[in-house]
Amino acid sequence: KVYEDEHIATKKVAKRIADLIRRKQDNNENAVLGLATGATPIEVYGELIRLHKEEGLSFKNVITFNLDEYYPMLPDAKQSYVKFMDENLFNHIDIKRENIHIPDGTLNKDEITDYCLAYEEKIGSVGGLDLQLLGIGRTGHIGFNEPGSAPNSGTRLVTLDDLTRRDASRDFGGKENVPTKAITMGIGTIFKAREIILMAWSKKKAPIIKKAVEGEISGNVPATYLQLSDNVEFILDKDAASEL
Ligand code: GLP
């Protein structure tokens, strides 16, 4: 779906999330959301905060799982996704702290495999993801599933692509300070979500959106795997869609 601009697109996505949360509330069920970081979803989170404050949308029945976290990363570091989510969403809504899950960037190396399996199990134990939000990196990564990721991959420790580290360098004051690794949900984890929404705004994303939507399905551009799913929607502004 292509919208005139990202603000209109953002409102549509936030409304979809709010409707899901309310529908679940009406049935006394939890809404299980897979959340993304990066600049792309910030305005969606802003709109959800507005709906909470002005229209009484409650997040008490919401359980969240974030896609990824840098590794290593302390939760209170400026660039951590824990901090990002607190500042851009969680600190402003009534979500229960125990319902928030973000991959742990402080683990010892030998704890990571078990932790990742447990992360997957936890998603399963609450009924699976109702909705997964995605951005897209210029390498075609979703979450931090870089080129080379397998379509059935699970949550795991990955090595970041050089372009991804370059794109993150501003946040870290230089590429050399960007961690070389991350913990991310896998492509297989993302695929299990009942609905997937990938958002992209601006001309900068137009070439990778063209590859993701129209390119050959290949591990070289992990987002092309989304072509294989019936539950995926790309929500774009005109600029991101300009090469389609
Ligand atoms: C990071 C995140 C991804 C995100 C990507 C794009 O790499 N791990 O989940 O999609 O950035 O970021 P932005 O939305 O800032 O373009």
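Bear in mind these aren't lab numbers, they're just calculated from the coordinates by the rules spelled out. Treat the numbers as computed from the prediction; the structure is a model and nothing was measured. So basically every Cβ, Gly included, is an ideal-geometry build from the backbone, and we count neighbours across all protein chains shown.
Compactness of the range 112-204 was expressed as the Cα radius of gyration divided by 2.2 N^0.38 Å, which yields 1.15. Mean separation of Cα pairs under 8 Å and 6 or more residues apart, divided by the residue count, gives the chain a relative contact order of 22 percent. Toward the positive end of the charge dipole of the range 89-139, with +1 on the Cβ of Lys and Arg and -1 on the Cβ of Asp and Glu, the farthest Cα among 136, 99, 119 is that of 136.
Entry note: the chain has Rg to Rh equal to 0.94, where both radii use alpha-carbon atoms and Rh is the Kirkwood radius.
Couplings 3J(HN,Hα) of the range 145-156, computed from phi: 7, 7, x, x, 5, 7, x, 9, 5, x, 4, 6 Hz, in residue order, whole Hz [Karplus 6.51 cos²θ - 1.76 cosθ + 1.60, θ = phi - 60°; x for Gly and Pro]. Packing, taken as the mean count of other beta carbons within 10 Å per residue, orders the peptides 231-238, 115-122 from highest to lowest as 231-238, 115-122. Charge dipole of the chain (Cα centre as origin; +1 on each Lys and Arg Cβ, -1 on each Asp and Glu Cβ, all else neutral): 300 debye, rounded to the nearest 20. Look at where the Cα atoms of the range 115-136 and of the range 175-226 average out, and the two centres are 17 Å apart.
Once you have a ≥ b ≥ c as the square roots of the Cα gyration tensor eigenvalues for the range 48-123, tell me rounded if a/c is under 1.5, and otherwise prolate or oblate according to whether a/b is larger than b/c. Oblate is the answer for the range 48-123, as a/c is 1.5 or above yet b/c matches or exceeds a/b. Extension gain for the segment residue 162 to residue 106, taken as residue separation times 0.36 nm less the Cα-Cα distance, is 17.9 nm to one decimal. Using the structure shown, list the pairs from 53/83; 60/122; 11/181; 15/109; 12/211 with a Cα-Cα distance above 30 Å, or answer none. Flagged as over cut-off: 11/181; 15/109. In this calculation the C-beta distance from residue 175 to residue 216 is compared with R0 = 30 Å, giving a FRET efficiency of 0.50.
Each peptide in 14-27, 165-178 gets a packing score, the mean of other Cβ atoms within 10 Å over its residues, and the list from highest to lowest is 14-27, 165-178.
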